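The block underneath contains the structure these notes are about, expressed in structure tokens.
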Amino acid sequence: MKIFSKEQIYQGDALTAKKQNITSTELMERAGTQIFNWIHMRMQGAQVPIHVFCGIGNNGGDGLVVARHLITHGYNVKTYIVNYSTTRSKDFLNNYDRIKNTTKDWPILLNEDSELPAIDARDIIVDAVFGIGLNRPVANWVVNLFNHFRVTKAFVLSIDIPSGLMTDAVPTNEEAVVNAGYTLSFQSPKLVFFLPQTAKFTVQWEVLDIGIDPEFLYTTPTEVDLIGKNEVLPIYKPREKFSHKGTFGHGLIIGGSYGKIGAVNLAGRGALGVGAGKVTAFTPKCGYIPLQSAFPELMLITDNDEEKLTKIEFDVDVNAIAFGVGAGTDQDTVNAFETFLKSNTKPLVIDADGLNILAEHNNLLEFLPKRQTVLTPHPKELERLIGTWKDDFDKLDKAKAFSKKHQCIIVIKGANTITVAEDKLYVNVTGNPGLATAGTGDVLTGMILGLLTQGYDLLSATIFAVYLHGKAADLIVEDLGYQSFIATHVVEGIPLAYLDLFKQPEQPQVEEEEEN
């Protein structure tokens, strides 16, 4: 699914009105009607008090359409106009006239001096005050209104975006943003729904189709894509009947140090779990017995040193390599990594201490295989690589600049893991807080490696692995809960994640009529 920018959304609206020969007011009617239909399907006429707060721009116009349909369908509705400016949009005014012609109970005008309306915790608030076009600080009295929403503890449904939240900036005053329980977003979600600093402003979101021109939706390139099941399913490579282990490649994991051999174990299980034909590990000698004993499917080569990597030498032909899990940052390991980088030509996944070495010795960045390298940092490792950032948007800009400069892919791990490929962002929808435990990143590194060995291109392998990693956790955590979830559970969930790719949605059962 594409995530359109604010400017693209405006373009799509204008193009749709032109190509479908409708007015912007008619398009607004369509959007507001979709919101009403969503509410009506769930409430079925229930007389819960609904408070619709409308601004005086196009988002407010959407709210007026919703309020009008609620009124004509017999709901218990109060409509308010949040009069924060003297300027009104044309479509707002058209729908203001329509609602006045629909009911004698005209919208209540709220000004700076107005009393805050009485709202019960069991009521519903429909937030249509500000839309994506907000470009000014929210007035203090409107901030007080939003705080009133929070104090009432009423359920808040926001139209398109929580009021006060911009599509391309982190709010400087969090009280100036509505906290939505649910947001109904027109045609595509907004990037701010997925960033750590802004996702909290809507607990849940859903996209409503308002009939934007299909050609525009399909052909317009976006800087951000949302990655779910529908996006990864076409990536999947089916297996041929006469395939063998050589068909699916050989991956090499270089890492481990005394006390951290488990990281290699986890990465190896991730690589084989996604389908690599063969996996070899290169570790210090201390890794030999534990890995050979606990992981019979993994082949092993050892360094001459007992406890750390000092010289990376191997005589196996591999398709892709992962470096860094549990490796440590001893100077001998740094030197070995540098020597390896200067001679390596294989696709490379770098995680954990590999990233820490690059951050401390950034001269090594020039030796990364161009357009053949994936870096998988958690937030602190990312900060060491690209520097500090002022907010999430600045972080993404710096990550894109770093990716472009060094021609590599960056996986920003988090609640919605974001894959950065130069100027393009891929936001993952799977995963849960259970993944916030040691070793899950090692499994992901192995999973990317395992897909690379099978012939997936660098970007496809990364996006697919991130999705499967999160989906494996989602499926397993249903039986375990977040707190009891550990990294090996991700490995156990990989088969379920694969099977889920081809699982068809359950169809509603239709009861057969009894014969008379």
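Tabulated data for the structure shown
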| read-out | value |
| --- | --- |
| Heavy-atom SASA rank of THR202, THR302 (probe 1.4 Å, accessible area, largest first) | THR302, THR202 |
| Rounded, prolate or oblate (a/c below 1.5 giving rounded, otherwise prolate when a/b exceeds b/c) for the stretch 78-139 by Cα gyration tensor | oblate |
| Most positive-pole-ward Cα, PRO433, ILE476, SER460, against dipole of the stretch 405-482 from beta carbon charges | SER460 |
| Span from the the stretch 210-273 Cα centroid across to the the stretch 33-48 one, whole angstrom | 40 |
| Residue-normalised accessible area of the chain, given per residue in Å² at a 1.4 Å probe | 46 |
| Nearest-ten-degree value, helix 458-480 long axis tilted from longest Cα axis of the chain | 70 |
| Over the stretch 185-233, volume per residue of the alpha carbon convex hull, in Å³ | 101 |
| On Cα atoms only, tilt of 58-72 relative to the major axis of the chain in degrees | 60 |
| Residue among TYR236, ALA139, VAL264 farthest towards the positive dipole end of the chain, charges placed on Cβ | ALA139 |
| Cα-derived Rg to Rh of the stretch 315-407, Kirkwood definition | 0.97 |
| Sequence of ASP330, ASP317, ASP457, ASP392 when ordered by accessible area, the most exposed leading, probe 1.4 angstrom | ASP317, ASP457, ASP330, ASP392 |
| Among beta bridges that DSSP assigns inside the chain, antiparallel share in %, nearest 5 | 15 |
| Förster-model FRET efficiency, 41 Å R0, LYS503 and ASN111, C-beta, rounded to 0.05 | 0.15 |
| Whole-number percent relative contact order across the stretch 166-233, with pairs defined as alpha carbons under 8 Å at least 6 apart | 30 |
| Cα gyration tensor, the stretch 149-273 - rounded (a/c under 1.5), prolate or oblate | oblate |
| By accessible area with a 1.4 Å probe, ligands and nucleic acids excluded, highest first: order of ARG269, ARG239 | ARG239, ARG269 |
| Lys, Arg +1 and Asp, Glu -1 on Cβ, resulting dipole of the stretch 87-184 about Cα centre, debye, nearest 20 | 240 |
| Packing-based order for 82-92, 371-381, using average beta carbon neighbours within 10 Å, highest first | 371-381, 82-92 |
| Shape of the stretch 93-227, Cα gyration tensor, a/c cut at 1.5 | oblate |
| Dipole moment magnitude, nearest 20 debye, the stretch 120-171 about Cα centre, only Lys, Arg, Asp, Glu C-beta charged | 160 |
| Nearest-10 value in Å² for the accessible area of LYS346, using the 1.4 Å probe | 70 |
| Cα coordinate range in the stretch 134-206, projected on the principal axes (Å, largest first) | 31, 26, 21 |
| Unit charges on C-beta of K, R, D, E only; dipole of the chain, Debye | 780 |
| Cα-based helix-to-principal-axis angle, 487-501 vs the chain, degrees rounded to 10 | 60 |
| Top positive-direction residue, dipole computed over the stretch 364-501 with Cβ charges, set GLY446, LEU365, THR376 | LEU365 |
| Calculated [θ] (222 nm, deg cm²/dmol) that DSSP helices of n ≥ 4 give over the chain, each run adding -39,500 (n - 2.57) | -12000 deg cm²/dmol |
| Rg to Rh, two decimals, where the stretch 408-462 supplies the alpha carbon set and Rh follows Kirkwood | 0.97 |
| Shape box of the stretch 339-497 [Cα atoms, principal axes, largest first, Å] | 46, 38, 26 |
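The values are calculated or read from the model by the stated rules, or taken from the named source; none is laboratory data. Being a predicted model, the structure only gives us computed values, none of them experimental. Don't worry about glycine lacking a Cβ; one is built from the backbone with ideal geometry, like all the others, and counts go over all protein chains shown. These accessible areas exclude ligands, DNA and RNA; they are computed on the full protein's heavy atoms, side chains included. Shrake-Rupley method; radii C 1.70, N 1.55, O 1.52, S 1.80 Å.
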